[in-house]
Every structure is written in structure tokens, then in C-alpha cells.
Amino acid sequence: MGIESLVQVMGEWLRGSGPESDIVMSTRIRLARNLADFPFVRRCSDIDRANIEANIRERMLRDSRLASLEFINVAQLDELDRQLLVERQLISRELADGEGARTVAIDTQERHSVMINEEDHLRIQVMQSGLDVQNAWKTINQIDDLIESQVNYAFDERLGYLTACPTNVGTGMRVSVMVHLPALVITQQIDKAFRSLNRINLVVRGLHGEGSQALGDFYQVSNQITLGKTEDDLVRRVCEVVPVLLNYERKARDFLLNENHHDLFDQVSRAYGTLQNAQQISSEEAMHLLSRVRMGINLGLIDDLEIATVNKLFVQMQPAHLQKLTRTIESTSQRNIERANYLHMQLKPRRKASDKN
């Protein structure tokens, strides 16, 4: 696969074909695991980290069902390539900015990845298109069992899996759903919705998880604690609560469509037109406008553009992807020009059959 090929192809989670994919971009489940024979990463020496990385890689490669993963040495990547993996949701910011031996193993379809030497020795993650928590849990449980058959996890009979952060102790599991909520933002109901989630121990983060900002009206909703909860508890809670949030967004979209149709159509049309014609555009503005266009497609206001194309552009308009696509390493203003040019190519008007005659 390689870093360069990642720029040109899109993972399964971006195809927009999963359940509730008009609002839910993806479902992700992450498991934090540590080896019993080594100290936690933050207390490791450089030699410890190198031994952990070599130990896990060797043992994973023993199993043919894991050997198909491609191992990428993150420590040897330059800053641009590390940022690209962050934008692609394949590694965390902490792994990108870490020190010493650290690696990620990636499935060719980007359905799952395994980070080695992040905050914990292992961070296993699975991503599915749309709201697909049950299948994501089934898949990651199988991968976890395969890895556990090869290594000795740090586990306590009373506490569960032992992790570097106390909030992860127990299952070590984070269930996260990436949702697109432009109508709640436009109608100024977003804060109210998030306060309701916080009261039931669900946390809302930005596009790239903890410490990141919301871009393009995308948010990650996930469980806050794992101690004292079973995996089934966490899966059930997210499956119960996220549909309520989706219902809020749909009601807000219906309100905009029925009560403010002309204003909504104007916003969507202006966004689409700006993306097609702007001479320069920042990544933040591009994400904001793509958000409006994505909503417009799902509400039937735009009929000549596919959701998969917009999902792909959400990733490609971010700085590292754009630099790889256009081979631009110049000033920010030059990248803004190249971003506009790339959008022109991807969003140029399609000629209807009747126009060709």
C-alpha cells in the first residue's frame, strides 16, 4: 500500500454506504492494551520501546490472519507523512508526535489499524462506514483475540485490562461515532444536544479526537469511562443514544427545509458555487462549505454530486493530503490556490445527456 498510494485511494469508511450514512460518517471502536512484561510507554526507555515494537510485530506476523497488515514505521516518516496518517484517522496525534520506536499496522482497506507504542503499547482500532457498532465490535473482538493469542496482556482479575490512563482501565474500550451535524449548528441547538450527552457520560470531541477542533460540522461522540462497564454495556449505550442525536439532526434539517427553504437552498447553492469557482480557499473554509454541500445532497437540493466524492474531499482538502496531491510545499497562500484548483477539477459541472445533443 505505502503512504503515496493512500493519497489516491479512499478507505471503506469514506464510501458513505453504511447505515445512517447521511449523518454518520463512520463508527470506530478502539481497544487499549499493554504487555504484561514491560512498563507503560511513558516509563519506557528507548530500548524498551524498541523491544516492545519488535516483539509485537514479530508475534503478529506469526499469524497468517494478521500478516496481511502493512507495517509502517512511524518513527522514520517525515512530518508531512505523519500528518497525512492523522488526517486519515489511521493514527493518533500522540503517535505522530511521539518519540522512539513506534509503528502502525494498517489493513489495505483501512478497516482496521494497530498502533504500537502510542499512550499504551497497543491501540487496536476498527472503522466501519455509517452507524455499524455491532459489526465493528465483532471485528475488533476477533482481532483482539488473535493478538492476545500471541502476546501476554497486562490484566487484573478485579480491574480488567490495565492501561496508562485510568479512564481506560477495565475494558480499555472506546466506542466512537463520527457524526455530521450541520443543521444543529445552523439552528444553534448544538450546545444543548451536547450538554445532554455529557450528562450521560458520553463525550464530544473534534474531527481528530481528543484535543482537536470540530471541522466541517463533524464531531466524534464516544463513551467517557470504561471501568465498571462491560464491552456489551458500552456498545449498547452508544447504540441507544446516538439514534436520539440523529433524530435531533433530522428534525433540524426538516425545519430548515420546510420553514427556511429559500435560505437553506441559498446557503447550499452559494457553498457549491464557491467551491467550484473560488480562486483560493483555506482548508477551514473548504470544510465548512463542503459541510453545506453534503447536507444539500442528502436533502435533495443537489443532484449531480455523490456523497462519496464529498467524503473524499473532506480528507483531501486537509493540508497534508493537499500537499501530497498537488506536490505543493510552498506558502500557505499558494496551497490555498492549489486547493481551489483541485476543487475545480473534482467539482466541475457535469453535462446532462440532454445538453450533449
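The values are calculated or read from the model by the stated rules, or taken from the named source; none is laboratory data. Note that the structure is a prediction, hence the values are computed from the model and not measured. We place every Cβ from the backbone using ideal geometry, glycine too, and count neighbours over all the protein chains shown.
Overview of results
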{"quantity": "Matching residues in the range 41-70 - criterion: being farther than 24 Å from Thr163 by Cα and crowded, with 16+ Cβ neighbours inside 10 Å", "calculated": "Leu69"}
{"quantity": "Meets criteria (of a type in the set (Ser, Thr, Tyr), under 19 Å from Arg88 (Cβ atoms) and either surrounded by fewer than 19 Cβ atoms within 10 Å (Cβ to Cβ) or not assigned by TED's automatic domain parsing to the domain that holds Ile29 (or both)) for Thr139", "calculated": "yes"}
{"quantity": "Breaking point among (1) small (Gly, Ala, Ser); (2) over 26 Å from Gly18 (Cβ atoms); (3) assigned to a strand (DSSP E or B), for Ser222", "calculated": "(2)"}
{"quantity": "Residue satisfying all of: in the range 1-17; of a type in the set (D, E, K, R) and closer than 14 Å to Asp132 by Cα; surrounded by the most Cβ atoms within 10 Å (Cβ to Cβ) among these", "calculated": "Arg15"}
{"quantity": "Residue satisfying condition, being within 30 Å of Arg42 (Cβ to Cβ) and not in a strand (DSSP E or B), within set Arg195, Arg174, Arg205, Arg158", "calculated": "Arg158"}
{"quantity": "Residues within the range 240-281 that are under 14 Å from His344 (Cα atoms) and either crowded, with 16+ Cβ neighbours inside 10 Å or touching a residue at least 60 places away in the same chain (Cβ under 8 Å) (or both), tallied", "calculated": "10"}
{"quantity": "Residue that is among the basic types (Lys, Arg), at pLDDT below 90 and not assigned by TED's automatic domain parsing to the domain that holds Asp78, where the choices are Arg292, Arg270, Arg335", "calculated": "Arg335"}
{"quantity": "All positions within the range 294-312 that are hydrophobic (A, V, I, L, M, F, W, C) and either buried (at least 22 other Cβ atoms within 10 Å of the Cβ) or over 21 Å from Leu14 (Cβ atoms) (or both)", "calculated": "Met295, Leu301, Val310"}
{"quantity": "Which numbered condition Phe71 misses (of (1) outside any strand (DSSP E or B); (2) closer than 21 Å to Asp145 by Cβ)", "calculated": "(1)"}
{"quantity": "Any hit, the range 80-96, residues being aliphatic (A, V, I, L, M), closer than 25 Å to Gln224 by Cα, outside any helix (DSSP H, G or I) and touching a Phe, Trp or Tyr at 6+ places or on another chain (Cβ under 7 Å)", "calculated": "no"}
{"quantity": "Scope the range 91-137; condition touching a residue at least 60 places away in the same chain (Cβ under 8 Å), of a type in the set (A, V, I, L, M) and over 25 Å from Phe155 (Cβ atoms); matching residues", "calculated": "Ile106, Met127, Leu131"}
{"quantity": "Selection within the range 230-239 - surrounded by 15 or more Cβ atoms within 10 Å (Cβ to Cβ) and not charged (D, E, K, R)", "calculated": "Leu234, Val235, Val238, Cys239"}
{"quantity": "Positions within the range 101-118 being at pLDDT below 95 and either charged (D, E, K, R) or in a loop (DSSP other than H, G, I, E, B) (or both), in sequence order", "calculated": "Asp107, Thr108, Gln109, Glu110, Arg111"}
{"quantity": "Flag if Leu325 is buried (at least 22 other Cβ atoms within 10 Å of the Cβ) and assigned to a helix (DSSP H, G or I)", "calculated": "no"}
{"quantity": "Count of residues meeting criterion [of a type in the set (A, V, I, L, M, F, W, C) and part of a helix (DSSP H, G or I)] in the range 293-316", "calculated": "9"}
{"quantity": "So Glu20, is it over 30 Å from Pro166 (Cβ atoms), of a type outside the set (A, V, I, L, M) and surrounded by 13 or more Cβ atoms within 10 Å (Cβ to Cβ)", "calculated": "yes"}
